[in-house]
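Worksheet for the structure shown next.
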Amino acid sequence: MSVDYQPKIIGFLCNWCSYAGADMAGTSRITYPSNIRIIRVPCSGRVDPLFIAKCFKEGADGVFIAGCHPGDCHYVEGNYYARRRFVLMGSLLEYLGIEKERYQVEWVSASEGKKFTQLVSAFTDKVAGLGPRAEGQ
Amino acid sequence: MDENIINQIREKAKELLSSGTVECVIGYEAGTDGMTSRPAFIYEASDVERLVFDNTCTHNLATYLINKKTNKVAVVVKPCDARGINVLLSERQIEREKVYVIGIVCQGVVPVSWSGSGKDLQMRCKLCNQHAPVIYDFLIGEPAVEPVPTVSPWTSVAEMESKSSAEKTDYWNKQFSKCIRCYACRQVCMGCYCKECFVELLDPEWVGIKIDTSENSMWNMIRAFHLSGRCIGCGECARVCPVDIPLGLLNMKLAKEVAEHFEYRAGLSAEVRAPLATFNKEENLGIGE
Amino acid sequence: MTKTISKKELASWLDGLMKDRNLIAPALADQQTVFKPVASVDEIAFDFKNTALSPKEWFFPTTEPLFTIYQKDGVTELQPIDIEKESVVFGIRPCDAAGMKLLDKVFLAPPADAMYAERREKTTLIGLACSEAAPQCFCTSMGSSPGNAGDVDIMLAEVGEGYTVEAVTEKGNALISNLKLSDSNESAPEVKCPAELQVKDVSKAMQTRFEDDYWSRVADRCVHCNICAYVCPNCHCFDIRDYPTSEKTERIRCWDSCQSPGFTRAAGGHTPRPTKASRLRQRFYHKLLYFPERFGDYQCTGCGRCVALCPVNIDIREIITDIQKPGVKSGTKA
Ligand code: SF4
Ligand code: SF4
Ligand code: SF4
Ligand code: FES
């Protein structure tokens, strides 16, 4: 694999926590890989599995999703529903041949800017380590 | 053919139709190949002689209830199809008062194609541990001791799971590339009742009209996902696929995940919500540790 | 007197054709016999009843780009699609060949469909008579027969250890001009098609039964998938959509079917056939009334694929029979 390989990563971040967490990382000037393209969503519950499938279909190398910690969802229950979907979707992706390292779901609060950057860095490294996705995957 | 079952179906149908209890009885009749059965819609008591039942009655008639919501109808169901009725009830798609369920204690059905049927039972029947319907108004047959399946439902799934990512990709690409997007799998499924399916949405267009591996994969993946925790394993989708894509292997994977994570099996009760329509605060499901 | 070719010579002839042409022939793909491009004669299935899908997709593909639009330095450019080299479709059955004739009526009527016309022009059809009919076959009733040579360029029929060869058209003649054929007195045995239907009065009967309850009764059972249209050698409806990206726009044409709820939906959402019964009725009215009115032939050649593949046994033979008997509800056997 070439050293220059830069994976394309799509991040879905909940507006109320993880997105604010990413913001905090920015204002605190903590650096993290710029491979992630962030899409702000109102709640992790807004992330339809269709979004995830579509990302991979359009050529994303990895998909990263982060929402409020269980119990902290702005809409009270959004992430409780969402995590069930995410678990099933993750196993389906793996079953269809998309390595499970390419897909990660995390809980990140608005104050966890540091944690956010660590997670994203580790995820980016993991995805980069896999190399580009196989033809037709 | 079991004359006794057939006679009871006909008698019941006659009674329901002549008393005006139901508008229509959805059952099975002989098909044009003279070998296999097909769905039948009987509106008049004088037509009940058309009704039959045998081991080629593979169709899941619960599917048709979605189109028959106005007046009360009766429907003949096998135990697997009966679970489909529970799914529709729990999702508030049909009203209990408007369906008269004629349940059959089933001995299994065989693989069926036009002008031919197999001898061995269908896979779902080999896996079946419930030969009496979970829901009925009138039961035909004696519920005997419930069978213990000799095959494990997850064997083929585990085999696929054990393959490498490259092998899996290869396998599914080959399968999905055959899809001609006839949507027969969706149309025969009792769980696929959306008025507008995601695959046909124009704005946003999730799946393009191009019939190619990439678009087809999107279709096949999300079709299966939308049925996770709702698929009752009737196997109709795979039966009707004209290009023989093993859709059951996808559905079973999700059924396995649902069983493992949520200890749930679709259709056992009309009172319980499907796993993706509810949650449990205490579970952590391995996310964000 | 007939001309014959041995199996071995046939193989080497096909082998030769493959050098500068695409050879599309029945071959096994994942347990089903379908028409597909083959790279060697060994791949060809010579012994099959009828293929799972019809060969129409080689003239009217499931999906095809019609053209691409580029924009470069403020200039918009339309780039047509190049059609491949010459092709030979080997092993086409009489029913499917008759189907090509019907597609011609639609796609070659002026203004001709450029893509279809070019593919048709560049393709030679080598027919193969059926040595056995399948239980769903009814070609004889629809004006063809298991050995009919009328709609191909070259016709073959199996006899003993070889095939009889008949060049039907000029195009066919050109292709076999260098072939060494033997003279023989043998001719292929006649094969009988199982169903004999009365079709004479179908269109007339259809004219009086548009509002009949019959259609909603049959539609009760229909699950409204697209199988029948997609496996049919004559169904030809399509949808067109544009796919723009930052560099170009592709115009795509794809198969469509009258059974799908979005079929002929107009801007604003109006659908001329909103109910399932009206969609099912359309299928049979198109095949048995509108098409004959316009083009003189039923739009069905009796290949039997929809009969065999319909998940719920909607059987066009049964419908043809029923519709000529006034007052019939759904349910008489063909
Ligand atoms: S997905 Fe297939 S097996 Fe499951 S309920 Fe629907 S038709 Fe039956
Ligand atoms: S039935 Fe088979 S070919 Fe048709 S849409 Fe479903 S998977 Fe594709
Ligand atoms: S007639 Fe059969 S194949 Fe055609 S749409 Fe209806 S169910 Fe599908
Ligand atoms: S609001 Fe953040 S997960 Fe629901």
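For the reader, a short list of remarks on this structure follows.
- Here segment A:14-58 is the region considered, the condition is being among the aromatic types (Phe, Trp, Tyr) and under 12 Å from the mean Cα position of the chain (by Cα), and the residue that is farthest from the other protein chains (Cβ to nearest Cβ) is A:TYR19.
Condition check ((1) within 16 Å of ligand 2 (Cβ to nearest atom); (2) closer than 18 Å to C:GLY302 by Cβ; (3) touching a Pro at 6+ places or on another chain (Cβ under 6 Å)) across all residues:
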{"site": "C:LEU197", "(1), (2), (3)": "no, yes, no"}
{"site": "C:LYS200", "(1), (2), (3)": "no, yes, no"}
{"site": "C:ASP213", "(1), (2), (3)": "no, no, no"}
{"site": "C:ALA229", "(1), (2), (3)": "yes, yes, no"}
{"site": "C:ARG241", "(1), (2), (3)": "no, no, no"}
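- Matching option when the condition is open to solvent by 50 Å² or more (accessible area, probe 1.4 Å), of a type in the set (A, V, I, L, M, F, W, C) and not assigned by TED's automatic domain parsing to the domain that holds C:LEU108, among C:ALA229, C:ALA277, C:ALA267, C:ALA219: C:ALA267
- Some residue of segment A:25-38 being hydroxyl-bearing (Ser, Thr, Tyr), more than 16 Å from ligand 1 (Cβ to nearest atom), modelled with pLDDT under 95 and surrounded by 15 or more Cβ atoms within 10 Å (Cβ to Cβ): yes
- Spans of helices (runs of 4 or more DSSP H) in segment C:267-322 with at least 1 residues of a type in the set (Ser, Thr, Tyr): C:276-285
- Among the candidates B:VAL272, B:VAL258, residue that is out of contact with any Lys or Arg (no Cβ under 6 Å at 6 or more places or on another chain), away from ligand 2 (no atom under 16 Å from the Cβ) and open to solvent by 30 Å² or more (accessible area, probe 1.4 Å): B:VAL272
- Options B:LYS119, B:LYS78, B:LYS72; residue that is open to solvent by less than 10 Å² (accessible area, probe 1.4 Å) and under 30 Å from C:ASP315 (Cα atoms): B:LYS78
- Pairs, first within 19 Å of C:ALA219 (Cβ to Cβ) in segment B:176-201, second more than 16 Å from ligand 1 (Cβ to nearest atom), C-beta under 7 Å, six or more apart: B:CYS182/C:ASN226; B:CYS182/C:TYR230; B:TYR183/C:ASN226
- Checking each residue in segment C:152-181 for being in contact with a helix residue (DSSP H, G or I) (Cβ under 9 Å, 6 or more places away or on another chain), more than 13 Å from C:LYS7 (Cβ to Cβ) and not in a loop (DSSP other than H, G, I, E, B) picks out C:ILE154, C:MET155, C:GLU166, C:ALA167, C:LEU175, C:ILE176.
- In segment C:34-62, the residue that is surrounded by the most Cβ atoms within 10 Å (Cβ to Cβ) out of those that are within 16 Å of the chain's Cα centre (by Cα) and part of a strand (DSSP E or B) is C:PHE35.
- Whichever residue in segment B:212-239 is free of Cβ contacts under 8 Å to residues at least 40 places away in the same chain and part of a loop (DSSP other than H, G, I, E, B) and, among such residues, is nearest to the other protein chains (Cβ to nearest Cβ): B:ASP212
- Annotation: of all residues in segment C:88-109 being assigned to a strand (DSSP E or B) and of a type outside the set (Gly, Ala, Ser), the one that is surrounded by the most Cβ atoms within 10 Å (Cβ to Cβ) is C:ILE92.
- Total residues in segment B:275-289 satisfying the condition of being open to solvent by 30 Å² or more (accessible area, probe 1.4 Å) and in contact with a helix residue (DSSP H, G or I) (Cβ under 6 Å, 6 or more places away or on another chain): the figure is 3.
A quick yes/no check of all residues on (1) part of a helix (DSSP H, G or I); (2) within 11 Å of another protein chain (Cβ to nearest Cβ); (3) touching a residue at least 24 places away in the same chain (Cβ under 8 Å):
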site: B:LYS14; (1), (2), (3): yes, no, yes
site: B:ARG38; (1), (2), (3): no, yes, no
site: B:ASP47; (1), (2), (3): yes, yes, no
site: B:ASP54; (1), (2), (3): no, no, yes
site: B:ALA62; (1), (2), (3): yes, no, yes
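- Selection status of B:LYS174, within 14 Å of chain A (Cβ to nearest Cβ) and either of a type in the set (D, E, K, R) or within 15 Å of ligand 1 (Cβ to nearest atom) (or both): yes
- Residue in segment B:100-107 that is away from chain C (no Cβ under 12 Å), surrounded by fewer than 19 Cβ atoms within 10 Å (Cβ to Cβ) and modelled with pLDDT under 95 present: yes
- Close pairs from segment C:212-226: first in a loop (DSSP other than H, G, I, E, B), partner within 16 Å of ligand 4 (Cβ to nearest atom), Cβ under 9 Å, at least 6 apart: none
- Some residue of segment C:173-190 being within 25 Å of C:GLU57 (Cα to Cα), touching a residue at least 24 places away in the same chain (Cβ under 8 Å) and open to solvent by 10 Å² or more (accessible area, probe 1.4 Å): yes
- The set of residues in segment B:132-171 that are open to solvent by 70 Å² or more (accessible area, probe 1.4 Å), β-branched (Val, Ile, Thr) and within 11 Å of chain A (Cβ to nearest Cβ) is empty.
- When segment C:239-268 is limited to residues that are more than 8 Å from chain B (Cβ to nearest Cβ) and in contact (Cβ under 8 Å) with a residue 60 or more places away in the chain, the one that is nearest to B:ILE211 (Cα to Cα) turns out to be C:ARG253.
- Residue in segment C:287-301 that is within 14 Å of another protein chain (Cβ to nearest Cβ) and open to solvent by less than 30 Å² (accessible area, probe 1.4 Å) present: no
- Conditions (1) within 22 Å of the chain's Cα centre (by Cα); (2) within 25 Å of C:SER187 (Cα to Cα); (3) hydrophobic (A, V, I, L, M, F, W, C); number of the one not met by C:ALA27: (2)
- Qualifying residue in segment B:180-192 (condition: more than 16 Å from ligand 4 (Cβ to nearest atom), of a type in the set (Val, Ile, Thr), within 22 Å of B:ASN251 (Cβ to Cβ) and not assigned by TED's automatic domain parsing to the domain that holds B:LEU249): no
- Residues in segment B:172-197 that are away from ligand 3 (no atom under 15 Å from the Cβ), buried (at least 19 other Cβ atoms within 10 Å of the Cβ) and of a type in the set (S, T, N, Q): B:ASN173, B:GLN175.
- Here segment C:314-332 is the region considered, the condition is being open to solvent by 10 Å² or more (accessible area, probe 1.4 Å) and within 20 Å of the chain's Cα centre (by Cα), and the residue that is farthest from the other protein chains (Cβ to nearest Cβ) is C:ILE314.
- Top-ranked residue in segment A:59-84 [being facing chain B (nearest Cβ under 9 Å) and surrounded by fewer than 22 Cβ atoms within 10 Å (Cβ to Cβ); ranked as nearest to B:LEU247 (Cα to Cα)]: A:TYR81
- Extreme residue, farthest from ligand 1 (Cβ to nearest atom), among residues of segment B:251-278 that are β-branched (Val, Ile, Thr) and assigned to a loop (DSSP other than H, G, I, E, B): B:THR278
The values are calculated or read from the model by the stated rules, or taken from the named source; none is laboratory data. Only a predicted model underlies this, so the values are computations on that prediction, with no experimental measurement involved. Every residue, glycine among them, receives a Cβ derived from its backbone with ideal geometry; neighbour counts consider all protein chains shown. Side chains are part of the model used for accessible areas, which takes the heavy atoms of the whole protein and leaves out ligands, DNA and RNA. Shrake-Rupley method; radii C 1.70, N 1.55, O 1.52, S 1.80 Å.
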